[in-house]
Every structure is written in C-alpha cells, then in structure tokens.
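What follows is one structure encoded as structure tokens, with my remarks underneath.
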Amino acid sequence: MTECVDTLHASRAEVWYLKEISFGSAETRRKLKIITQNFNGPCSFIAICNILILRGQIEILPYERGTVSYEFLAQLVGEYLLVSCPDIDVSAALSIMPSTTKGLDLNPVFTGVTSFRPAGEGGELKLFEQAGIELVHGWLVDPDSEEYSVLQHVRDYDTTVTLIADADHITRGRLLSGDVWGEGEVGSSNQTGSSSQAESGPSGSGPNSASDNYSEKDREKIERALMARAFLDSTKSQLTYHGLFQLASTLQPGSLVALFRNSHLSVLHKREGEDSSLYSLVTDHVFLQEPSVVWERLEDVDGVGSTFVDSEFVRSTPVGGDFAGHTAESALHALEMEGNPECELYSAILARQLQAEEDARSHEIYKRRQQQQQQIQQKQEEERRRKNEDSASRKSKKMKDKCIIM
C-alpha cells in the first residue's frame, strides 16, 4: 500500500492539474484553464505560463485536457517565443527554461518595484524580458525610515547579505549573536565586569569592550550592517507597506505581472475600473475543486487580512467537503461508482487518502506564511552558527600558528 501511495505521489508531482476560470472585461471575458501548483511545483515557470494564458498568448488544447507536463508547456512557450519574438535567441531562452522548474535566483533592489540585479549570468531576467513579462516586487525601504540611507547605498539583497556577513566577521560572530558592542576576549580571557562593558555601547568606553578593537571604518560598517539586518528582520514576508503602495500606484490598470514575494513568484493583476485593487492568482492545488477561489486580494504585508474572490472578483464562499467543486450530476456519478463492488475497495482507499491529503494541504495553505518566516529564521540561525564556528576555527588556527612561531 505504501509503495502504491508513493507511486501516486510521484506521478502527481510530474504533472500539473488545470483549473477552469473566466477572465477578461465584459466584452472580452472568456473561459480558460490555468495551471495549479502541487507538491511545491515550480512557481516561476507556472507563473510565466499562467500570465501568457491569461493574456491569450498561449492556449492549452484540447480544452478538455485535465493535466499538463513540463515538456508540453515548454514546447508551447517555445513555439510562442519563436512566432511572436523572431529577433530573440530562442535556443538561449529554451536553455534557461529548465532552471525555472528548480527556482530562480533573483536579486531585488530595495528602492524600485521593477528593479532587480542579475544574479549569476542574469539569464533568469532575460527569460522574462523575452516573454514580455514584467517582474516586480514590493520589498522596498521607506525613504522616511532610518534604514533608507544604508539600503540606498547597498541597494540590493545580495549586497546587503554580504555587508552583514562582513560585519559579523569583523565582530567575530557577535553581530548575529546580538552582542556586537559587548565584552569579549580582547587580548585576554577576562570575563568580569560584563555589565559595565556591555553598557559601554559603540563608544567602547569599557576597559575590555569589544569595540575597542574596531577601527572607525569597521565601526561604521557594523552600524550599517545592524540597520540592514533590522530591515531584513522586520520584512520577512519580503513586502513592505511602502512597497505595497508603490505597486498599487505604479502598475497600470489591467496589467498582469509576475510578483516576487516570500521567495515565490505569483501572478499579480490590477483590475480596471473603480476597483483598482491588486489581486494575486490562487494556483495552489488545494483549491483545484473550489471554483469560487480564484484570486486573493493583496491588502497587507503579512496576508492576515487578505480576502479570496471568484472570477467575478466577488468574495468567495468555498464549498469544502468531499464533493467540493462537483456538479449534482458528477456527485451522483461518484456515488454510483462507489456502489460498484469492483470499485469499493479502491474507492475506500482512495477516498481516505485524498481526504487526508486535502486536510493536510488545507492546513498548509493557511500556515504557509508562518512556515516561510520560520524557515527564514532557521536560515539566519544556521548562518550565525556557521559564522561562529568559522570564527572559532580561525581563532584556534591563529593560536596554533602562534605556538609554531614561538
């Protein structure tokens, strides 16, 4: 039984299910099928495909099709680029495309909603440019905040992390441990007077203050790193209210863009007309059979007050239960199938399995943001431990070198 379940999971991970929605203005509204994401599927590639589908630039045929694979979609996108963008290097685009199934290395700039710096060779950004898809983010620093002067200088995420790592190296691991200006082994192993030394602050007035060993240049770098780290710690959702305001005021009505947030790419849409709110396309497989859950209104940085809406952008009323999304005819057919003796065992096993999966994913969808924040904290703790271990290793090596010289 376990082997069968594992095989089922493996087969489901290789295909993505399609969900029918309607999209467009009153004159151009049409039915179409979007791609849903299951088992932590490739959000980047799915976002690219869904934007092209919503724009009507690619179409999945036949319409009755229920699932698609990466190979099918890659061919579809490749044909679109070849026909619509004759001036680009399609072979280069196709070579970049497989990397989208494993996650993209994006480096947002903290001062502009459309600003990203290339990571590596920058191929990921070229793919969006070639497909005519604008890449945006709301991880912006407020110009009126204390951190602005620092982040305006370092500009992007990668440089900010490098600044923090360099400062942590200067402080011998104290920056990540939260004891930057405290006492330490500065030429001796004396641990007394900790209270007065810890309170000496950046000025380093204590006799054994750690800051006594910092040059003026190092002290400035440490102070910048502390402000940069405070910004990262306070924006773990990778979205700020200043960024949310900039997105709302920058995007044109009716636009469809790829939003980078929580190390995840999603489709962001700004409606035309009186309701100019921002909406994120819901592609989680847990809502596959929930026709009333299509978009999520982007209202706050943590997603606590977000609202699900349907294709008409009316507040959703999820059905839930075993027959969510079924019509009366399909529900009756399902019940008739359960009455077939040959299907009873299979139906019972599959029903229990699907119910368990539905329950698990229902919990996952509402706890995802909290889990992502925990993962970010764990990564920071691991980085801190690694830095501390490196510092201890360098100190040990230095002591050994001194012994050899003596």
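The values are calculated or read from the model by the stated rules, or taken from the named source; none is laboratory data. This one's a predicted model, so the numbers in the text were calculated from it and none came from an experiment. We place every Cβ from the backbone using ideal geometry, glycine too, and count neighbours over all the protein chains shown. Each accessible area value is taken on the protein alone, full model and side chains, heavy atoms only, with ligands, DNA and RNA left out. Shrake-Rupley method; radii C 1.70, N 1.55, O 1.52, S 1.80 Å.
Odds and ends about this structure:
- Accessible area (Å², 1.4 Å probe, nearest 10) - Trp16: 10 Å²
- Reducing segment 207-271 and segment 141-162 to their Cα centroids gives an inter-centroid distance of 7 Å.
- Of the listed residues Glu274, Glu220, Glu296, Glu383, the order by accessible area with a 1.4 Å probe, largest first, is Glu274, Glu220, Glu383, Glu296.
- Structure note, pairs Lys126/Lys221; Lys236/Lys387; Lys102/Lys221; Lys126/Lys387; Lys33/Lys270; Lys19/Lys126: Cα-Cα distances above 25 angstrom occur for Lys126/Lys221; Lys102/Lys221; Lys126/Lys387; Lys19/Lys126.
- Between Ser84 and Thr250, the distance separating the two model label sites (each 7 Å from Cα on the Cα→Cβ line) works out to 2.3 nm.
- Segment 39-112 pair-distance distribution - Cα-Cα, 5 Å bins, rounded %: 3, 13, 23, 25, 19, 11, 5, 2, 1
- Estimated from the Cβ-Cβ distance and a Förster radius of 51 angstrom, the FRET efficiency linking Arg30 and Ala230 is about 0.60.
- Charge tally in the Cβ shell below 14 Å around Trp139, where Lys, Arg are +1 and Asp, Glu are -1, Trp139 excluded: -2
- In this view, the solvent-accessible surface of Arg172, computed with a 1.4 Å probe and all protein chains in place, comes to about 110 Å².
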